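The structure appears right after this line, and notes come after that.
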Amino acid sequence: MTVPLNVLDLAPTSTGRTRKQALDDSLRLAQTVEQSGYNRYWMAEHHGSATFMSSATALLLGRAAEHTSTIRVGSGGVMLPNHAPLMVAEYYGTLATIYGDRVDLGLGRAPGTDPVTAAELRRGGSDLNDFAADVLKLTNFFSGSDSVGVDEGVSGAQASVLGLSVSPSRFHRTVRAIPGEGTNVPLWMLGSSTGGAQVAAELGLPFSFASHFAPQQMSAALQTYRSRFKAGADTAQVEKPTVMAGVNIMVAETEREAQYQATTHKKMQEQLRFGATGPLQEPTWDRVETWSNPGIDPTHIIGTPDTVAQKINEFVEAFSLDEVIVSCYAFDPAVREKALTDLAKEWNN
């Protein structure tokens, strides 16, 4: 087809499987989608969820990068209000130092959890101006040179390790992300509304829209992003508006089998709608008819490989996308792997 195909993973766990198995399933998924020709493997940050195990995203991405060799790995995304920009720069700068130019950093404003957990996590608010300021700090931390040289200041920690007393005039006067500086990790702005679109446009960053769960806002957000995009911003990383958007998919050999497997996703949505979380549940035939309603939402695409690939391509053309990212939920991890493998075969033909 016409644009790169990517995968978004939240490390879901299924009923009867352990959390360790869920994390191992995600590692195997990263290896599978690399072999299938996907461009990026991203993981989303979620906290306090009994469904998703992707809270320590940087650790999981490091594991994925260590056991793959070509696919880009990245956050989809880091919820920046939960973290100090310096720590994010150090984590992802370390990944980039180890694995080179394979690391992406997607940034979002949402907490990625419930309000109570968010209160424990939050370093600050999600105001647009604060968020933009934090993104600017990140770009500065990643800039500069990664060459090893003599540092003009000494930290208290370094001095204590050496048993030295240090004059205050010798302390650091600037904040540096080491490792991190000079890696220039590519940034993506994530968003599910016009807010994230405004920040992405103002800073000249590529924009990934969360259409897989907020399709109603997509047209307005993309219009805002494209009309306000500043290619000349000091922080610009792309020369023109660059957009990725997400879809939920289920692929199987027959339409009916795909609809059957998709009932797992439907049950998960219903759980979340009523404020409950838990492992993915087995698919059931009795839910197929209520779930089978094609054409209602272009971001939920279910069917055979050729049908799903064609509908994704129509989605790409309708919104003039530069890339598309797919998420797939299945009770059996092997079903998810096969669905994504079969889609890639069709897409790359």
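The values are calculated or read from the model by the stated rules, or taken from the named source; none is laboratory data. On a predicted model such as this, the values are computed, not experimentally measured, just so you know. No Cβ is skipped: glycine too gets one built from the backbone with ideal geometry, and neighbour counts run over all protein chains shown. When the accessible area is computed, the model is the full protein with side chains, heavy atoms only, and any ligands, DNA or RNA have been set aside. Shrake-Rupley method; radii C 1.70, N 1.55, O 1.52, S 1.80 Å.
Figures for the structure shown
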read-out	value
List 320, 54, 192, ordered by accessible area with a 1.4 Å probe, largest first	320, 192, 54
Percent of beta bridges antiparallel (DSSP, the chain, rounded to nearest 5)	5
FRET efficiency, residue 19 to residue 270 (Cβ-Cβ, R0 25 Å, nearest 0.05)	0.65
Estimated inter-spin distance, residue 101 and residue 87, nm [label 7 Å along Cα→Cβ]	3.1
Percent accessible area from carbon and sulfur atoms, the stretch 204-346, protein chains only, probe 1.4 Å	49
Degrees separating the helix 128-142 axis from the principal Cα axis of the chain, which is the longest one	70
Residue 285 accessible area, assembled protein chains, probe 1.4 Å, Å²	120
Rounded to whole Å, sorted largest first: equivalent-ellipsoid semi-axes of the chain, Cα gyration tensor	37, 22, 19
Residue 69-residue 136 FRET efficiency (beta carbon distance; Förster radius 25 Å; 0.05 resolution)	0.15
Using alpha-carbon coordinates, inclination of helix 19-36 to the longest axis of the chain, degrees	80
Nearest-ten-degree value, helix 305-319 long axis tilted from longest Cα axis of the chain	60
The chain, accessible area per residue, ligands and nucleic acids excluded (1.4 Å, Å²)	46
Cα-based shape type of the stretch 242-282, given that a ≥ b ≥ c are square roots of the gyration tensor eigenvalues and the cut on a/c is 1.5	oblate
Solvent-accessible area, 1.4 Å probe, carbon plus sulfur percent, for the stretch 1-132	55
Theoretical ellipticity at 222 nm over the chain - DSSP helices of four or more residues, -39500 (n - 2.57) apiece, nearest 500	-13000 deg cm²/dmol
Distance violations [Cα-Cα > 26 Å] among 20/311; 20/266; 20/267; 267/338	20/311
Where labels lie 7 Å past Cα in the beta-carbon direction, separation of residue 184 and residue 286 in nm	5.9
Shape of the stretch 19-113, Cα gyration tensor, a/c cut at 1.5	oblate
Computed FRET value (nearest 0.05) for residue 228 with residue 2, which takes r as the C-beta separation and R₀ as 22 Å	0.30
